[in-house]
Each structure stands twice: as structure tokens, then as C-alpha cells.
Amino acid sequence: MKIKNLASGIGDFLDDRPRLKRYLPQALTLFFIVFVLGYFTFNAQVNMGNRGIVFGFGFLQQEASFDIQFSLIDYDGSYSYGRAYLVGLLNTILVSVVGIFFATILGVIIGISRLSPNYLISKFAEIYVEIFRNIPLLLQIFFWYFAALRALPLPKEAINFFDISYLTVKGWFIPKFIWTNFSFLLSSILLAIVGIFLTYNYAKRKQEATGQRIPAFFISLGLLIALPFLGVFLGNVGLSFEYPTLIQQTTTIYNFKGGVGIIPELIALALALSLYTATFIAECVRAGIMGVGKGQKEAAASIGLTPGQTLRLVVMPQALRIIIPPTTNQYLNLTKNSSLAAAIAYPDLVLVFAGTAMMQTGRAIEIVSITMLTYLTLSILISMFMNWYNKKIAIKEK
Amino acid sequence: MIGNLTFLKPRRDKLNTYIFLGATFFTLGIFDLISNSFFDKNITFFLPEILSFFTPLLFGFIGLHLIRIEYSGNKNLDIINKNININWFNGILTLLVIFVLIKGMPTLLNWAFFDANFSGTSKEECTGSGACWVFINVWFERLMYGLYPNDEIWRINVAFISLFLIVGAAFFVSPKNKKYVIIFLLFIFPFILISLLSGGNFGLNKVPTNEWGGLALTFIISIFAILFCFPVGMLLALGRRSSAPVIRYSSIGFIEFWRGVPLITVLFMASVMFPMFLPDGTFLDKLIRVIIAITLFEAAYMAEVIRGGLQALPRGQYDAGKSLGMNYWKLHLLVILPQALKLIIPGIANTFLALVKDTPLILVVGLLELVGMIDMAKTNPKWLGFAAEGYVFAGLVFWIICYAMSRYSQNLEQKYKTDR
């Protein structure tokens, strides 16, 4: 009773003073935040002082002296911790991009399959979604890595794809492309893309002005085939392959040399990430297509659009608006989930930097904050790009 | 009779002939496939190998093509055509699904059941070529209870059985008493649970948290994190919609920070960085640190879900509440939140599901719940090479938990659905 009286007393007191009522909670919040941060900083300083650590990022220039199994740029133990950070970051980006690519393809296929009029197909897609969505991602990564990929044969009995590519327990070896005069081909492809862009622009303006339609699709298909061909012939572009070959390292140990070796960690991680995220993307796609009203399709049919045109011009542009925001979220989740790589020793940012580098330097605060800031930046970059894209395709109200 | 049939476009007037022919081809295809994959007999052995592999598909395709007759007047045929056989593309898809199912099923069933060994005590008793469920059998106690001392396991059993009993009771008691059961369950029972498990009082031996593990730890972390992340998320959501700039921006910053970083780095922070922030000599148990980390992490996601619900409510609800003279807390607790929460049951369930699925991650900081225990068991020198069985088992356990949760949330959603 007394507490209630006190509470209502304070309430009445504040009700009479609106400005105090407005600023008091804010001041308390601010005080609380400053207090907690200050307390933590103070303790951290004392603790680091006791252990003789000086806060700073100078260690990034020191020699890392540990090796990384898989790297997209030149790296060995003599490079600095900063370089090791970069290697880890690139590996994270690599697995995220690969994962996003396959998850999108699979997710769209599964999402459309769930809406298929074919009972078996939609059931199949539903079972897939329900199974892979409800099992923890870490478990799936472990399964692919420790159970499925470990069952692959040793290099000597590798699964052979037409003598150019080999799948073994040590990874997947594929031929390496060696181009000569690659810049000619690249510039011709770029030229073709510019040409296609201009064609579509011209076709659109022409149609808006005169109503005349230009077969822009076939023109661009032609451009895309003809220009690179011209580039190859004129620029004398050559392509040769470096095939992986089996070599004997000791009497019993064989391995592949040459070509490009994709390590099993990368395969397991990319596989698990795409299978898992695809289920969520499939649900976004399904919701998006279902979100377009039936009336839209009927209206499109009644003005004489073919089913293909209806899908391309009426349904998809509207469905994309519903699909893109949640799908962006899934891309973000995939990027963040790629940090589970640390559990199977794929050398991503967390394993290389927050694992090995932290063990060696003991700089917990600096390294964990750099890692977190990196992920924050990646997240913000992706969401900024998607927000921009989202705004671009949003309905332009008049 | 055959002369009048056009095979390219089946017609209605010769319906029965077409059905007969189609069914024959289809059955032939299925029969070939089944004899091939179940009995190892290839009835088309005289054909080249690749052709022989695809004959069932070819037969099935011809069969489905012959029975694809629109508005045939035969009800069953129409249902079949409408569902699995609309056009040639759909027919092929149907066949592929059946093909994959029949080709893949025997291998899977043989591995999991027919060639598997179930009982025994050592690796040597796994004589079959299939799965070795003996592995799970032998390690079952460890997978469920972790490294908890054998003599004390009854405490975990008592704790969880009483939890299930009380939850069950909450469904059956009269609505008047239900309130008290739920209050007991939310505010008093967790502390009983924790003191029973950790011991050190009431004459119970103390069990340090690093001996906890297995599925029990999964449940403990999930229960506490779910319990705490909900109110924190609610406060953050209200904070984010507050008109006071300091509160709003600090909530936004807090939410976006946690949502922007992966859980694994948060756990690293809790285990290696957080002790640096505490005064020298103070020690916070690792399990508690991990639960706090998971709670804050999921609370940020919860806040966004709740904010979605708050935004979906029409302004009129706020105005109506205010016009009745309600203050901020009364307005939100009695008018806004009950309606908003009802709208976002799927979102809340998704966040809880994500939380449960995130718990295995704690193995990176050295706490071993179900997945961690399997990791430990499969590296035991006596039991090398049973990773697949372990992960399939853990996957099944998690799948059951998550699927049950999502089903329950769908029920709740239906129950509280009101037309607006």
C-alpha cells in the first residue's frame, strides 16, 4: 500500500512538471549508459595495466608467423597480422558470395516449386524446407564435413570426372584456366553489356514515342554472342587448361598437383550455408508471389498479355518488391552465419583473426572489436545496397 | 483398333483404350524401376546400359502422355491429371520425383534400419553394413546429461519431469488458477530448477557448470534465454518507438549493434573479452556469461519483431487509450501490447526457434551441449568413425523440438486469430 502511494505520489509530482517528466527518464538512461561504459573502461584499464598490456593496434604490423591453409592472396608466416586479417576477410567474403549465389538459385527454384500445381513437386519442396529449416546450421555443417565429405575416396581412388576434375577426401580439384590476351575478351564482353544497355534504352524510348516494338532481346543475344567472338578472333585470345595430376608424395601418400584445389572445408560450408539459407529464401519467394493479387493476373490476361508476358511484366515486378527486403535479411544472415566456419577450421575471419591471432597476441579487446566492427560494416554495406535497390524498384507514386 | 489412335494427341472418344495403354506403360516403368532397385534385377538387361537406366522414365513418360486427356469425364483421371500431369513438363517432374524416391529409398532404409545394428555395448558388435546405432545407445546418457555425475542424474530427471508436469498442469487447471501456475512457472520455478541442478545447498552436492552438458544444457540455455530475451526485447522495442531522442537513439544503436554481428563473435566476447571488463578478482560463471550474451543477442531480434507488431496497430488504438486517461505504461500493457503480440506470434516463434537452433554454437567457447557431446564422443579413440550416426541422431532430436515448436506456434496463431 505504501509503495503504491509512493509510486502514485511520484506520478502526480511528475505530472505537474511536464518538462521534468520529459527529460528525467532520458537523463537517467544517459547516466546509466555512461556509467556502465565508464565502469567497463575503467576495469579494462586496470586489468590491462596489471597484465602489462598496452591498448593499441601496433600489433597489426608485427610478423604473424603462422600459416593459413587456404588464401586468395599471397600469404605465408612472414607476413603481418594485418595481412592475415585481410586473408581471413577475403575468405569470409568468398564463402558468403558462393553461398548467396547457390542459395538464391536453389531458393527461387524451391519457392516456385512450392506453388507448383503438381502435388508431388510442391510436397517435395515442402518436405525439403521443413527438414533443412529445422536443423541447426552448425549440425548441418558438421554433417557435411565430418560425415559426408569424409566418406569420399583418397586421392589415389579419386572420383574421376572425364579425366579433368577429381573429387577426393582432400578436396575437389578442377582445371585452372590460363588465358592469353584476356583483356581483349573482357573488353569485348564489357562492350556487349554497354551495347545491350543502349539497345534496351533505345527500344523503350522508341516504344514510348511511336508504339513501335524492337526485338531488343534478340538483338542483345546477338550482341552477347557476336562481340566476344570478334574479340577472340581479333585479339588472338588463347585459352589453355592446367589439369590436376596425381603425384606420388611418398610410397603410400598420393595427392593432386596443379589445377585449382577447392578445400573440403569450403565445400562443406558453402553446401550447408546454401541448403540452409535456401529454405528461408524459398519462403520469401513463395510469400512474394502469393502476395500478388489474383486480380492482377486476370487483368493482365484480359488486356491480352501472354502468360510469359504476364509473369515478366506484371507479376514479377510486383512480387520482387515483396521478396527483396526479407531476402536481403537472409543474405545478411548467411554472411554472419559464415562465421561458423571456425568450427570446421575453414580459415575465415573468425578462425584466423579471432582465433589464431588472438591466441598468439592475447589482445582480446582489440581483436574482438575489430572482428565485430568488420561484420557490422559488411552488414551495413549489404543493407545499404539493398535499400538503394529497394528504393529504385519501389512504386513511384504520382 | 490401334489404327484409329493418334499417339501424339490422345482424344476423348477412345478414352478407355488410352487409359489402358497409358496405365500399362506407366506400370511397366514403375515395375522396371522397383525390380531394379529393390531386387537387383534388370528386366531390360538387353539394352545398352545408359538406355536401360532411363527406360523407366521413358515408359512412364509415354504412359503419362497417353492418359493426359482434358475433361475426360472420368473423375479420378481428371484429379490425377490436374495434380501431377498437367503438361509434359509437369509429367517429367512427377516422374523424376518418383524416380528419385524409389532409387534413393532402399539405400536410405537399408542404412538406417535393415543393415543397422541397434543393441550392444562395443564397436565390435556393429557387424552390419548400415548405421551403428550402438554408438548412440552406449553414449545415450552422456548425450542427454553431459558430464553430469552419474549419481546426481536423478536431479536433472526430477527437474525436467516436474517442468513438464507443471507445463502440462497449466493446460488443464481452471482459468482462474492458470494465472498462478503461469506466474509460478515464469518467476519461481526457474530458480528452483537452477538450485536443484547446481546444488550446493539443501544437502545436495555442488555440480560445477562445466560438468553440465548434453541435451539438458540445450534446454537450460534455451529456457533461460527465452525467458529473459522477451522482456528485454519488449523494452528495446518500446525504447525504439519512444519520442525521447536519447532513449530512441540508444535503443537503435543497441539493436543494430547486436543484429549486425554474428553470434559466434558475441560468444567470443562473452568468454574472452568480458572478464577484462569486470573488476579484477570477480568471477562470473561462463554459463551465465553465455546466457547473458545469447539473451542480449536474441533480444535485439525480438525487439525488431515486436516493433513490427507495434507499427501494425492503427493510431486509433493509441488515441483511444489516451482519451481514457491511461498513462504510458497502462496504455501499452493493457491496450497496445496484447493486440500487437497477437499479430506477431509467427515472428516470436521464429525468434525462439532461431535461439534454440543457435545453442549448439556454444561449443566454440567450450560448453558441450548435444552437438558438442557428439563431437566429443566421435573423437573418442574407441568410437572413431561414427560421425554420421551421431549427427543424424542430433539432427532428429533438434528437428523434433523445432518442428513441434513451429506447429505449436501455428496453433496459437489460429487460436488468437481475430478478424480486424
TODO: State all residues of the stretch A:113-133 that are assigned to a loop (DSSP other than H, G, I, E, B) and facing chain B (nearest Cβ under 8 Å); if no residue qualifies, say none.
DONE: A:Ser116, A:Pro117, A:Asn118
Task: Criterion (at pLDDT 75 or above, loosely packed, with under 11 Cβ neighbours inside 10 Å and within 14 Å of chain B (Cβ to nearest Cβ)) met by exactly one of A:Pro18, A:Pro25 - done: A:Pro18
Task: Those strands (runs of 3 or more DSSP E) lying entirely in the stretch A:217-285 with at least 3 residues not aromatic (Phe, Trp, Tyr) - done: A:238-242, A:245-248, A:260-262
TODO: Taking only the stretch B:344-361 into account, find how many residues are more than 13 Å from the chain's Cα centre (by Cα) and more than 10 Å from every other protein chain (Cβ to nearest Cβ).
DONE: 5
Task: Odd one out for B:Ile156, checked against (1) farther than 28 Å from B:Gly372 by Cβ; (2) among the β-branched types (Val, Ile, Thr); (3) surrounded by 11 or more Cβ atoms within 10 Å (Cβ to Cβ) - done: (1)
Open item on the list: For the condition in the same structural domain as A:Ala345 (by TED's automatic domain parsing) and of a type outside the set (Ser, Thr, Tyr), what is the one hit in A:Leu234, A:Leu273, A:Leu224, A:Leu185?
Closed with: A:Leu273
Open item on the list: Within the stretch A:291-302, does at least one residue satisfy the condition of being within 30 Å of B:Leu355 (Cβ to Cβ), at pLDDT below 90 and assigned to a helix (DSSP H, G or I)?
Closed with: yes
Open item on the list: Which of the strands (runs of 3 or more DSSP E) found entirely inside the stretch A:134-176 contain at least 1 residues meeting this: out of contact with any Leu (no Cβ under 9 Å at 6 or more places or on another chain), modelled with pLDDT under 85 and among the β-branched types (Val, Ile, Thr)?
Closed with: A:171-174
Open item on the list: Pairs please, first residue from the stretch B:89-101 and among the hydroxyl-bearing types (Ser, Thr, Tyr), second anywhere and in a helix (DSSP H, G or I), Cβ atoms under 8 Å, 6+ apart in sequence or on different chains.
Closed with: B:Thr94/A:Leu120; B:Thr94/A:Ile121; B:Thr94/B:Leu64; B:Thr94/B:Ile84
Open item on the list: If the requirement is being within 14 Å of another protein chain (Cβ to nearest Cβ), in contact with a helix residue (DSSP H, G or I) (Cβ under 8 Å, 6 or more places away or on another chain) and not aromatic (Phe, Trp, Tyr), which of these qualifies: B:Leu341, B:Leu313, B:Leu287, B:Leu238?
Closed with: B:Leu238
- [ ] Select, from A:Leu320, A:Leu351, the only residue that is of a type outside the set (Asp, Glu), in a helix (DSSP H, G or I) and within 13 Å of another protein chain (Cβ to nearest Cβ).
- [x] A:Leu351
Open item on the list: Considering only residues that are among the polar types (S, T, N, Q), away from chain B (no Cβ under 12 Å) and within 22 Å of the chain's Cα centre (by Cα), which ones fall in the stretch A:354-393?
Closed with: A:Asn387, A:Asn390
- [ ] Keeping to the stretch A:33-62, report how many residues are out of contact with any helix residue (DSSP H, G or I) (no Cβ under 9 Å at 6 or more places or on another chain), under 21 Å from B:Pro245 (Cα atoms) and within 11 Å of chain B (Cβ to nearest Cβ).
- [x] 3
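The values are calculated or read from the model by the stated rules, or taken from the named source; none is laboratory data. A quick note: this is a predicted structure, and the numbers were derived from the prediction, not measured. Note: ideal-geometry Cβ built from the backbone for every residue, glycine included; neighbour counts use all protein chains shown.
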